[in-house]
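A.B. asks: Please see the structure below; I have some questions.
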Amino acid sequence: GVELNTVIRKYGLSKEFPADVEREAISFGDEVPESAWEDAGRELFFNTRVFTIDGADAKDFDDAVSIEPTAQGWRLGVHIADVSHYVKPGTALDEEAKERCNSTYFPGECLPMLPPALSENLCSLKPDVERFAATVFMDFDKSGELVNYRFCRSVIQSKKRFTYKEALQVIEGKSKSPHKKLLLLLVELC
């Protein structure tokens, strides 16, 4: 703990957020309201089987994947948590995020770029809740060559949170999952 605090002080990092930044983050509430889906002109992907794969101790899930076979090969979806709906230029959140630049990870601890109300909730692609994302769909042929891609703003609902270990156990047949076929498609594409 002493070493961690020393590094945090040495590099001007902070565990705490200024009060105005916390207030701004909390002001968005706990859920993405359905009215915001349409206002933002986003595509809805609730029937797409999207899932995250992160370390066991991860608190924020900022990226997710989906995959489906196509006649030509595969369509890979990469869904990145879209914080732009919440972090607007010139706001206290924006200024603090610029100051921090990124989340900083230490063994057993993370100093997030955004307050927990966003980083661990509204901007975290947790399972079974609607979240805003920036999505790219990439089409690959059977030889693994990228043949097409499309970007969009989306609303997704992750179906599963995998840890790396859980995903590997499913892939190796040591554990069962309704998402096994999708994991195997990812391995095949890889």
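The values are calculated or read from the model by the stated rules, or taken from the named source; none is laboratory data. In this text the structure is predicted, and so the values were computed from the model without any measurement. Positions of Cβ are backbone-derived with ideal geometry, glycine not excepted, and every protein chain shown enters the neighbour counts. Calculation scope for accessible area: heavy atoms of the full protein, side chains included, ligands and nucleic acids excluded. Shrake-Rupley method; radii C 1.70, N 1.55, O 1.52, S 1.80 Å.
A.B. asks: Can you confirm whether segment 86-103 contains a residue that is in a strand (DSSP E or B) and either crowded, with 19+ Cβ neighbours inside 10 Å or within 18 Å of the chain's Cα centre (by Cα) (or both)?
C.D. replies: Within segment 86-103 (the criterion being in a strand (DSSP E or B) and either crowded, with 19+ Cβ neighbours inside 10 Å or within 18 Å of the chain's Cα centre (by Cα) (or both)), the answer is no, since none of the residues qualifies.
A.B. asks: Report yes if Thr52 is of a type in the set (S, T, N, Q) and over 21 Å from the mean Cα position of the chain (by Cα), otherwise no.
C.D. replies: No: the conditions fail for Thr52.
A.B. asks: So for segment 118-128 (the condition being assigned to a strand (DSSP E or B), open to solvent by less than 30 Å² (accessible area, probe 1.4 Å) and out of contact with any helix residue (DSSP H, G or I) (no Cβ under 6 Å at 6 or more places or on another chain)), does at least one residue qualify?
C.D. replies: no
A.B. asks: Moving on to the next point. Pick from Trp37, Trp74: which is assigned to a strand (DSSP E or B) and of a type in the set (Phe, Trp, Tyr)?
C.D. replies: The match here is Trp74.
A.B. asks: If you don't mind, another one. Residue check: is Val155 touching a residue at least 24 places away in the same chain (Cβ under 8 Å), out of contact with any Pro (no Cβ under 8 Å at 6 or more places or on another chain) and either of a type in the set (Val, Ile, Thr) or surrounded by 14 or more Cβ atoms within 10 Å (Cβ to Cβ) (or both)?
C.D. replies: yes
A.B. asks: Is it true that some residue in segment 44-58 is out of contact with any Phe, Trp or Tyr (no Cβ under 8 Å at 6 or more places or on another chain), surrounded by 13 or more Cβ atoms within 10 Å (Cβ to Cβ) and closer than 18 Å to Gly108 by Cα?
C.D. replies: Residues of segment 44-58 that are out of contact with any Phe, Trp or Tyr (no Cβ under 8 Å at 6 or more places or on another chain), as a first pass: 45-50, 57-58.
Pick out the ones that are also surrounded by 13 or more Cβ atoms within 10 Å (Cβ to Cβ) and you get 45, 48-50, 58.
Imposing the further condition that a residue be closer than 18 Å to Gly108 by Cα reduces the set to 58.
Scanning segment 44-58 turns up at least one residue that is out of contact with any Phe, Trp or Tyr (no Cβ under 8 Å at 6 or more places or on another chain), surrounded by 13 or more Cβ atoms within 10 Å (Cβ to Cβ) and closer than 18 Å to Gly108 by Cα.
A.B. asks: Kindly indicate the residue of segment 54-71 that is of a type outside the set (D, E, K, R) and modelled with pLDDT under 95 and also nearest to Phe151 (Cα to Cα) among those meeting that condition.
C.D. replies: Checked segment 54-71; the qualifying residue nearest to Phe151 (Cα to Cα) is Phe61.
A.B. asks: Show the residue pairs that are 6+ apart or on different chains and have beta-carbon atoms under 7 Å apart, the first residue being within segment 164-180 and polar (S, T, N, Q), the second being open to solvent by 50 Å² or more (accessible area, probe 1.4 Å) and at pLDDT 95 or above.
C.D. replies: Ser175/Glu166; Ser175/Gln169
A.B. asks: Another one. For segment 56-71, what are the residues that are under 25 Å from Val155 (Cβ atoms), out of contact with any Ser or Thr (no Cβ under 9 Å at 6 or more places or on another chain) and assigned to a loop (DSSP other than H, G, I, E, B)?
C.D. replies: Thr70
A.B. asks: For the condition small (Gly, Ala, Ser), open to solvent by 70 Å² or more (accessible area, probe 1.4 Å) and out of contact with any helix residue (DSSP H, G or I) (no Cβ under 6 Å at 6 or more places or on another chain), what is the one hit in Ala71, Ala81, Ala36? Show your work before the answer.
C.D. replies: On the way: Ala81 fails: open to solvent by 70 Å² or more (accessible area, probe 1.4 Å); Ala36 fails: open to solvent by 70 Å² or more (accessible area, probe 1.4 Å).
None of the other options fit; the residue is Ala71.
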